[in-house]
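Worksheet for the structure shown next.
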Amino acid sequence: MRVLVTGAAGFIGRWVVGELLARGHTVLPVDSLVAGDVTNLDEFAGQPGLLPFEQGDVRDAAACRRWTGSVDAVAHLAASISVQDSIDDPATTFENDVVGTFQILEGARASGARVLFMSTCMVYDRAGDNAIDEDHPTKPASPYAASKLSGEALTQSYFHAYGLPTTVVRPFNTYGPFQRSVGEGGVVAIFTRLALEGEPLRIYGDGTQTRDLLYASDCAGFVCDALLSDAATGRILNAGTGADVSVNDLAAAIERDPSRILHVEHIHPQSEIAVLRCDAREAERVLGWRPEVPLDEGLRRVRSWMADRVAAGVAVR
């Protein structure tokens, strides 16, 4: 198949591009490069299925019509993903995550391309100690979560109103090589960089909040399975490991010196979800998908990748 990947130069995007190429598909990679880095795709240069990279904005209706008109399927990953940025500047998150999704869907409606919309586990309400399945109540505790829920609703409406084959996915906390390690990058990437630099790890709040950490290759496999499966059409599907780890325990696994682990005031406690543990049984039932990389192995891979870049003098950011 010919597949458009928006946000292709981002963290998850580059893993999805690689997975699609490995499966023999042709990929059109598109990214605005506001947050992505085109060098993330260097590994795939020269592969016969990789079409020339295009820099562009999913809010551009004409560009979306052109991109979607040449493909069979769309993995729509482009988004503003910072919770704090969405609180500080909700308009930008709305434009990128809602208007951009609308333009992609309109282009796909004209061409008939199937669409996968990348949502987030941050749309869910607090769950106590229970694992979260797709029927768990949602609660948009930030404009980012609200924009993702809006994108979900738009995506599903094109399935119901027009018969467009669409799927919504809600991966839990994805981590791995190529994730940003500054700002609101992934906690694993940030903690690993700080540990390698000998700097203190700063935990927001008391650190008892938990995360279900999904390795990047497992997430990419899930996205590709969901995108290309007729059985996933019209569905919302979670992806996660089913096991959570507290931020305190995660920090201790990455930094062995407890004196380098600090607790600081939370910057957005109103948007925090205390327990994030995924129930991904529906993805296993529908797709036959299960994660393969255990947390200890994933953390080892991230540290090795980042250490190699630091040793080679490549900036880690």
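The values are calculated or read from the model by the stated rules, or taken from the named source; none is laboratory data. Predicted model, so just to flag it, every value in this text is computed and none were measured. Positions of Cβ are backbone-derived with ideal geometry, glycine not excepted, and every protein chain shown enters the neighbour counts. Keep in mind that these areas ignore ligands, DNA and RNA; they rest on the heavy atoms of the full protein, side chains included. Shrake-Rupley method; radii C 1.70, N 1.55, O 1.52, S 1.80 Å.
Numbers at a glance
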read-out: Options SER32, SER70: the member that is over 21 Å from THR155 (Cα atoms), touching a residue at least 24 places away in the same chain (Cβ under 8 Å) and open to solvent by 20 Å² or more (accessible area, probe 1.4 Å); value: SER32
read-out: Residue match in the range 279-288 (condition: in a loop (DSSP other than H, G, I, E, B), in contact with a Lys or Arg (Cβ under 7 Å, 6 or more places away or on another chain) and either closer than 30 Å to ASP88 by Cβ or in contact (Cβ under 8 Å) with a residue 24 or more places away in the chain (or both)); value: no
read-out: SER147 vs. criteria open to solvent by 40 Å² or more (accessible area, probe 1.4 Å), out of contact with any Cys (no Cβ under 8 Å at 6 or more places or on another chain), small (Gly, Ala, Ser) and modelled with pLDDT of 95 or more; value: no
read-out: Breaking point among (1) buried (at least 18 other Cβ atoms within 10 Å of the Cβ); (2) closer than 20 Å to SER119 by Cα, for HIS160; value: (1)
read-out: Residue check for ARG65: surrounded by fewer than 20 Cβ atoms within 10 Å (Cβ to Cβ), over 18 Å from the mean Cα position of the chain (by Cα) and not in a loop (DSSP other than H, G, I, E, B); value: yes
read-out: Search result, residues across the range 121-141 that are open to solvent by less than 10 Å² (accessible area, probe 1.4 Å) and hydroxyl-bearing (Ser, Thr, Tyr); value: TYR124
read-out: Qualifying residue in the range 251-274 (condition: closer than 19 Å to ASP212 by Cβ, open to solvent by 60 Å² or more (accessible area, probe 1.4 Å), in a helix (DSSP H, G or I) and of a type outside the set (Asp, Glu)); value: no
